[in-house]
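**Q** Can you read through this structure? Questions will come right after.
Rule-based calculations on the coordinates, nothing more; no lab input. In this text, all values refer to a predicted model and were calculated from it rather than measured experimentally. Positions of Cβ are backbone-derived with ideal geometry, glycine not excepted, and every protein chain shown enters the neighbour counts.
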Amino acid sequence: MTISHPVHLDCDTGVDDALALAHLLARPHVDLVSVSTVSGNTTAERAAVNTIDLLSLAGRDEIPVAVGAHEPLVGGYRGGAPQVHGENGIGGVELSRARRAPTGRSGPEQIVQSARARTGELVLLAIGPLTNLALALALDPELPRLVRRVVVMGGAVWVPGNITEHAEANIANDPEAARAVFTAEWPVTLVPLDVTLQHSIGVAEQRALSQRGTAFHTALAAMLDTYLDFYERFYGERRAALHDPLASMIAVGDSTPSEVRRTALEVDPSHLQTRGRTRAREEGAAAEVITAVSAPAAPALLEQILALTPVETTGA
Ligand code: BDR
Ligand code: CA
């Protein structure tokens, strides 16, 4: 089969990041070229450990994982979201430790290297704070013309935020980086809370994952417990938002946007209560903001992840 979607994933793994990773690994038309991590749900370092261990469970140790920025561009890392994702980012689940370390490259260096290796083809999928992307732009000013498109899970454009009344977590954790990414000359698709909160996963899907019978799927099911605990308050039932998986599905054509607004994006850089708010504005470079997709994401996502058969490793 022709590989039609080379993807670099930038993430803060994270329970829903883990589901997005599983989705990308599961899809035959996706070539997950490389991963970089950033501090968000947990530290960049811990997110790399989580990612490497998940890749190992899936038998995909060949995919390079680079540790990216620990701190945002301005200020310091504020300690993640243990109430949403658990103390270790993956709901307290202890995965078997993989035998490999992250690549020696930094996250931004890895982004530039992958973009140069696949000039004009690479989809840059960012599902954490945008620090690594902003640093990669500074590292290589040619980057915008090297990538095919940038898909970002982040922002709350016409709905309230989730980390504050105004702001969504990925953008609020590094507003200066988001601003750099939204004003660069590359095609940006934003997958904000406006659409991700419309899609959720619940106990039936969790059960199906745990019954699949591989260590990889069992780990995903187990980490969902913490995530469901948190979101139960929001949905009024045991369901949790599909933020990052919806972005990965859109990035590789597994979910079709049915409502797209083209607008420039403005990020509030102030240190007021509105810091990190993402708003549409009239003039300037336009992004594509997805506010609805044509079908519920959870059934397709589940089917796709269940179809993943972890690659046998020799254990060497
Ligand atoms: C985003 O923030 C993180 O908690 C999630 O992984 C997702 O990327 C949702 O606001
Ligand atoms: Ca994330």
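**Q** Work the Kirkwood hydrodynamic radius out for the chain: mean of 1/r over every pair of different alpha-carbon atoms, inverted, in Å. Kindly include the intermediate steps, with their values, before the conclusion.
**A** Working: mean 1/r = 0.0526 Å⁻¹.
Taking the inverse mean of 1/r over all distinct Cα pairs, the chain comes out at 19.0 Å.
**Q** Which semi-axis lengths, in whole Å and largest first, follow from the square roots of five times the eigenvalues of the Cα gyration tensor of the range 184-316?
**A** Its equivalent ellipsoid spans semi-axes of 32, 19, 15 Å.
**Q** Project the alpha carbons of the range 34-81 onto their principal axes and report the range along each, largest first, in whole Å.
**A** 37, 19, 9
**Q** Whole-Å semi-axes of the range 1-129's equivalent ellipsoid, largest first, each the root of 5 times a Cα gyration tensor eigenvalue? List each step's numbers first, then the result.
**A** Values: eigenvalues 102, 60, 33 Å².
So the equivalent ellipsoid measures 23, 17, 13 Å along its semi-axes.
**Q** Hand me the trypsin sites (Lys or Arg not before Pro) from the range 96-152 located in a DSSP loop with no more than 10 other Cβ atoms within 10 Å, in residue order please.
**A** Working: sites: R97, R99, R100, R105, R116, R118, R145, R148, R149; in loops: R97, R99, R100, R105, R118, R148.
Passing sites in the range 96-152 are R97.
**Q** Per residue, what volume in Å³ does the convex hull of the Cα atoms of the range 88-129 enclose? Before the final figure, lay out each step's value.
**A** Details: hull volume 5.3 nm³, N = 42.
Value for the range 88-129: 127 Å³ per residue.
**Q** Which ³J(HN,Hα) values in Hz, rounded to whole numbers, follow from the phi angles of the range 128-134 under the Karplus curve 6.51 cos²θ - 1.76 cosθ + 1.60, where θ = phi - 60° and Gly and Pro get x?
**A** Values, residue by residue: x, x, 8, 4, 4, 5, 5 Hz.
**Q** Mind jotting down the three principal axis lengths of the range 142-230 based on Cα atoms? Whole angstrom, largest first.
**A** Reported extents, whole Å, longest axis first: 46, 34, 20.
**Q** Please return the longest range in the chain lying between exposed loop sites, taking GluC sites (Glu not before Pro), DSSP loop only, at most 14 other beta-carbon atoms within 10 Å, and leaving the sites out. Each step should come with its number before you reach the end.
**A** On the way: sites that count: E62, E87, E94, E142, E165, E185, E237, E282, E283, E312.
With a cap of 14 other Cβ atoms within 10 Å, the longest stretch comes to 1-61.
**Q** Give the percent of DSSP beta bridges with both residues in the chain that are antiparallel, rounded to the nearest 5. Present the calculation step by step, with values, prior to reporting the outcome.
**A** Values: 13 of 37 bridges.
Restricted to the chain, the bridges split so that about 35 percent are antiparallel.
**Q** Follow-up. With each run of n ≥ 4 DSSP H residues scored as -39500 (n - 2.57), what mean residue ellipticity at 222 nm is computed for the chain after dividing by its residue count and rounding to the nearest 500 deg cm²/dmol? Spell out each step's value before the answer.
**A** Values: 13 runs with 120 residues, N = 316.
Result for the chain, helices only: -11000 deg cm²/dmol.
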